[in-house]
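One structure is given below, encoded as structure tokens.
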Amino acid sequence: MRALLSMGVATALLVAGCASRVAWSSLAEPSSGRAAEQLARARAAKDALAKALMAELSKELTERGAASAIDVCATRAPQIASEVGREHGLRIGRTSWKLRNASNRAPSWAEAAVAERASAARYFASDSGELGVLLPIAMQSACLGCHGAPAALGDGVADALALRYPDDRATGFALGEVRGWFWIEVP
């Protein structure tokens, strides 16, 4: 009986492990059907996240300066992404090949494109029907105070980064350069 129970548990774990492994493949930009609808949802969510995040960052930059804006990215950005994800019924986040926050690692389906430093949007389909979208984030002038050349960072930014992110790698970007990506998974 114990052997049968152990075998049943092992089989259940094996099946659960296989079920949780989703295979992803690259695809062209969806232009019709269900995937195009998923892409529209992804873009709407990205726009909502970018707008909300930039509004909070702009306010913080104006009122308290660049060093204080680091806290917005550290605390509010993940909360905003979670809220936007719930509102749009998907998962969304930000990533880069030069991470500031280790929790912003790319999902497995996006890792290769991030490593290649893709400059254009990339699209992926899972074997379970999900759409993965990777949309570039270009450096804007407002971003330079925290992500630009180390010598040109805003007042107190280097010290604030050293305290909050001792392993920070997200500086040294130039205006217009792809700094990272929004990643979106649409069921």
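The values are calculated or read from the model by the stated rules, or taken from the named source; none is laboratory data. Remember, it's a predicted structure, so these values are computed and weren't measured experimentally. So basically every Cβ, Gly included, is an ideal-geometry build from the backbone, and we count neighbours across all protein chains shown.
Any chance region 155-168 includes a residue that's under 20 Å from the mean Cα position of the chain (by Cα), small (Gly, Ala, Ser) and over 27 Å from Glu87 (Cα atoms)? Scanning region 155-168 turns up no residue that is under 20 Å from the mean Cα position of the chain (by Cα), small (Gly, Ala, Ser) and over 27 Å from Glu87 (Cα atoms). Among the residues of region 96-137, those that are more than 25 Å from Ser32 (Cβ to Cβ), outside any loop (DSSP other than H, G, I, E, B) and of a type in the set (Gly, Ala, Ser) comprise Ala102, Ser103, Ser108, Ala112, Ala115.
Of the residues making up region 84-100, those that are in contact (Cβ under 8 Å) with a residue 12 or more places away in the chain and out of contact with any strand residue (DSSP E or B) (no Cβ under 9 Å at 6 or more places or on another chain) are Glu87, Arg100. The set of residues in region 138-163 being assigned to a loop (DSSP other than H, G, I, E, B) and within 30 Å of Pro187 (Cα to Cα) consists of Met139 alone.
Does Tyr123 qualify as being of a type in the set (Phe, Trp, Tyr), surrounded by 11 or more Cβ atoms within 10 Å (Cβ to Cβ) and at pLDDT below 95? Criteria not met by Tyr123. When Val22 is tested against (1) more than 20 Å from Pro136 (Cα to Cα); (2) in a helix (DSSP H, G or I), just one condition goes unmet, and that condition is (2). Could you list, in sequence order, all residues of region 117-134 that are closer than 28 Å to Ala170 by Cα and hydroxyl-bearing (Ser, Thr, Tyr)? Once the filter is applied, which keeps residues that are closer than 28 Å to Ala170 by Cα and hydroxyl-bearing (Ser, Thr, Tyr), region 117-134 yields Ser119, Tyr123.
In region 42-70, the residues that are more than 23 Å from Thr171 (Cβ to Cβ) reach residues that are in a loop (DSSP other than H, G, I, E, B) with C-beta atoms within less than 6 angstrom, at least six apart or across chains, in these pairs: Ala45/Leu90.
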